[in-house]
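Here the structure is laid out as structure tokens; the discussion comes afterwards.
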Amino acid sequence: MTGRRVAVVTGAARGIGAATVRRLARDGWAVVAVDRCADDPDVPYPLAEPRRLDFLAREFPQVRTVRADVRDAAALHRAVELAEQEFGGLDAAVAAAAVILGGGPVWEQTDAQWRTLFDVDVMGVANLARAAVPALLRRPHPRHGRFVALASAAAHRGLWGLGAYCAAKHAVVGLVRGLACDLRETGVTAVAVSPGSTRTDMLRATAGLYGLPGVDELAARQLTGRLLEPEEVAAAVAWACSPDSFALTGSVLHADGGFTA
């Protein structure tokens, strides 16, 4: 059994998920990093390659990797079991896995797009909660368990051509609020982190939906005047995983560069 804190992170192979794994590992956490690491026929852009997940394990000896789709509830239970078996328990779960689909008005978005968005972006969060929260609650009192879900500025502002994605991310915020109520007085908290435009593969996919030649134009609505880097959002996620974040439960941490100001 280890004395270090332990996390499970989904969507861990690239973007904010990978930056979160690295930040937590550098802060001394043990991490089980979970990612599908395979393309999806219903997602029209490449997803993370297996080598990206492998890089994390080679970089940090206290990182274990699991190739799993967040739509597979049993696989997430196995990832949590790995955390408990390898490291003695679980202190935080970070739901960072997501996809983005759209490019047209709500009434033209297909059944397949709606289904994929809600299955990955919402049920993926719920599946992690169902697997991880019982493990968080298995820690003895006084416990400092944290459940952190990546929502989006799109949960709080309408975006042209991304209505289904906005709805899915809004649902993530609602899920977190309900979960926080269920966790009252347990020492385990639930919070959403809503990033703004962040330099990731998903943002490149968003630029493609808008027919933009690059991602930098998507920073125009942010008070920072530039895109965020994944590491900057990961810093907020890591703080949300820490015991210092206890006062922030059932709420949203807007790590969006002022997008929603």
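In table form, for the structure just shown:
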| item | result |
| --- | --- |
| Top-ranked residue of segment 174-230 - restricted to ones that are surrounded by fewer than 19 Cβ atoms within 10 Å (Cβ to Cβ) and hydroxyl-bearing (Ser, Thr, Tyr), ranked as farthest from Leu162 (Cα to Cα) | Thr186 |
| Yes/no for Val66 being touching a Lys or Arg at 6+ places or on another chain (Cβ under 9 Å) and touching a residue at least 60 places away in the same chain (Cβ under 8 Å) | no |
| Given (1) of a type outside the set (Ser, Thr, Tyr); (2) under 15 Å from the mean Cα position of the chain (by Cα); (3) more than 23 Å from Asp201 (Cβ to Cβ), index of the condition Pro61 fails | (2) |
| Residue in segment 240-253 that is assigned to a strand (DSSP E or B), within 28 Å of Leu90 (Cα to Cα), of a type in the set (S, T, N, Q) and touching a residue at least 12 places away in the same chain (Cβ under 8 Å) present | yes |
| First in segment 133-147 and free of Cβ contacts under 8 Å to residues at least 60 places away in the same chain, second anywhere and among the basic types (Lys, Arg) and surrounded by 12 or more Cβ atoms within 10 Å (Cβ to Cβ), Cβ under 7 Å, 6 or more apart | Gly145/Arg139 |
| Some residue of segment 87-109 being in contact with a strand residue (DSSP E or B) (Cβ under 9 Å, 6 or more places away or on another chain) and over 28 Å from Ala180 (Cβ atoms) | no |
| Residue in segment 188-196 that is in contact with a helix residue (DSSP H, G or I) (Cβ under 7 Å, 6 or more places away or on another chain), over 18 Å from Ala129 (Cβ atoms) and in a helix (DSSP H, G or I) present | no |
| Single unsatisfied condition, Ala167 versus (1) in contact with a helix residue (DSSP H, G or I) (Cβ under 6 Å, 6 or more places away or on another chain); (2) assigned to a helix (DSSP H, G or I); (3) more than 24 Å from Glu229 (Cβ to Cβ) | (1) |
| Any hit, segment 215-233, residues being modelled with pLDDT of 95 or more, among the acidic types (Asp, Glu) and part of a helix (DSSP H, G or I) | yes |
| In segment 216-233, residue nearest to Ala97 (Cα to Cα) [restricted to those that are in contact with a strand residue (DSSP E or B) (Cβ under 9 Å, 6 or more places away or on another chain) and of a type in the set (A, V, I, L, M)] | Val233 |
| Residue match in segment 135-154 (condition: surrounded by fewer than 17 Cβ atoms within 10 Å (Cβ to Cβ), outside any loop (DSSP other than H, G, I, E, B), more than 14 Å from the chain's Cα centre (by Cα) and modelled with pLDDT of 95 or more) | yes |
| Boolean, Ala30 is among the small types (Gly, Ala, Ser), in contact with a helix residue (DSSP H, G or I) (Cβ under 6 Å, 6 or more places away or on another chain) and crowded, with 20+ Cβ neighbours inside 10 Å | yes |
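The values are calculated or read from the model by the stated rules, or taken from the named source; none is laboratory data. Fair warning: this is a prediction, and the values are worked out from it, not measured in the lab. Using ideal geometry, Cβ is built from the backbone for each residue, glycine included, and neighbour counts are taken over all protein chains shown.
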